[in-house]
Amino acid sequence: MSYMDYINQDRIPHTWCSGCGHGLVLSSVARACDELKLDVHQSAFVSGIGCWSRADSFLNFNAIHATHGRAISFATGIKVANPKLNVVVCAGDGCAVTIGGNHFIHAARRNVDITVIISNNYNYGTTGGQYSSTTPTGAITATSPLGHIERPMDVCAVAAAAGATYVARGVCDEVLQNAKLIADGMRHKGFSVIEILSPCPTQFGRKNNMPRMSDFLKMTHEMTYHTKNTVATVDGKLPLGKLVEIEGVEDYSTGYQRIVALAQGEVQK
Ligand code: SF4
């Protein structure tokens, strides 16, 4: 098999805009699946609503297209019902950490053994380019035409503070490095988050002097630095790489099964 076998050829070419970063992120996801030789019959993809959430239809896996902001809660249910499945969420910044912020924080705190891949393009692209919780201060969006007044959420710092046991960040053009970060997140036993910074030229870029993907990549590489084992922003630059990896923390399904076994008298306390 090659990574292309994980792409649903019946749905290609995909429907993302020219210059959108989601196609690059999809390539990283497929390459990660290929590195792990992920069994399509033992895996489930869950997405929410949004441009990146179309990813599930471009992949050869059983999938649920859930409601907006609820992908992580659906994924939690699947994992608890069948802990043997590899459960992967594809959701954007609007779905995963804005509407779905509550689910994101509590899945991290519970250490649910799922992998959440967030393609962060700083706005709600599908619904017209409204601001999300990751929109930078001052940015022009459909709902902040005179400049956004809020500070952006640092997705990786929030994940780490909430208790996520694997946290990583990349930029979409680093396809092979991101594939490795995603594969390691899928391998990890516990809640894993991989945030990929990705352009939305159609909605966000053209309003913010970044009409081409190359404009976004130039800006993004200037405001980031490569490191490991820290979520610290240094001199205004966000860290890229494997930022948190903590082994040995009991995941939610294992704890749940332990309690079920106790309740059914299968084991003594
Ligand atoms: Fe990509 Fe933005 Fe187009 Fe959505 S609207 S497909 S995020 S460029």
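With a cut-off of 9 Å between beta carbons, the residues surrounding Tyr3 carry a summed charge of -2, where Lys and Arg count +1 and Asp and Glu -1. Solvent-accessible surface of protein heavy atoms, probed at 1.4 angstrom with all chains present, puts Ile64, Ile196 in the order Ile64, Ile196, largest first.
Remark: relative contact order (the range 105-177) = 27 percent; criterion is Cα-Cα distance under 8 angstrom and separation of 6 or more residues. Expressed in Å, the radius of gyration and Dmax of the Cα atoms of the chain are 18.1, 64.
Against the chain, whose longest principal axis comes from its Cα atoms, helix 175-187 is set at around 20 degrees.
Applying the criteria of a DSSP loop state and at most 16 other Cβ atoms within 10 Å to the trypsin sites (Lys or Arg not before Pro) of the range 35-140 yields Lys37, Lys84. Listed by chain and number, the lysines whose alpha-carbon sits under 23 Å from that of Lys242, ignoring those within fewer than 8 places in the same chain, are Lys37, Lys180, Lys189, Lys218, Lys228. Taking all protein chains into account, the per residue accessible area for the chain stands at 44 Å² (1.4 Å probe). Between Ala139, Ala96, Ala179, the GNM of the chain built on Cα springs shorter than 10 angstrom shows Ala139 fluctuating the most. Take every DSSP beta bridge whose two residues both sit in the chain; close to 25 percent of them are antiparallel. Comparing Val244, Val155, Val40, which has the greatest mean-square fluctuation in the GNM of the chain with Cα pairs linked when under 10 Å apart? Maximum fluctuation in the GNM of the chain, among the listed residues, is at Val40.
Taking every DSSP helix (H) stretch of at least 4 residues in the chain, weighting each as -39,500 (n - 2.57) and dividing the sum by the residue count yields a mean residue ellipticity at 222 nm of -9000 deg cm²/dmol. Here the range 201-269 exposes an accessible surface that is 53 percent carbon and sulfur, computed with a 1.4 Å probe and the other protein chains kept in place. Relative contact order for the chain: 18 percent, from Cα pairs under 8 Å spaced at least 6 residues apart, divided by residue count.
Stretching the chain fully between Val267 and Arg206 yields a gain of 15.9 nm (0.36 nm per residue, less the alpha carbon separation). Among Gln42, Gln130, Gln257, the residue with the largest mean-square fluctuation in a Gaussian network model of the chain, with springs joining Cα atoms closer than 10 Å, is Gln257.
The values are calculated or read from the model by the stated rules, or taken from the named source; none is laboratory data. Only a predicted model underlies this, so the values are computations on that prediction, with no experimental measurement involved. Methodologically, a virtual Cβ is constructed for each residue, glycine included, from the backbone with ideal geometry; neighbour enumeration extends over all protein chains shown. Please note that ligands, DNA and RNA were not included when accessible areas were found on the heavy atoms of the full protein model with its side chains. Shrake-Rupley method; radii C 1.70, N 1.55, O 1.52, S 1.80 Å.
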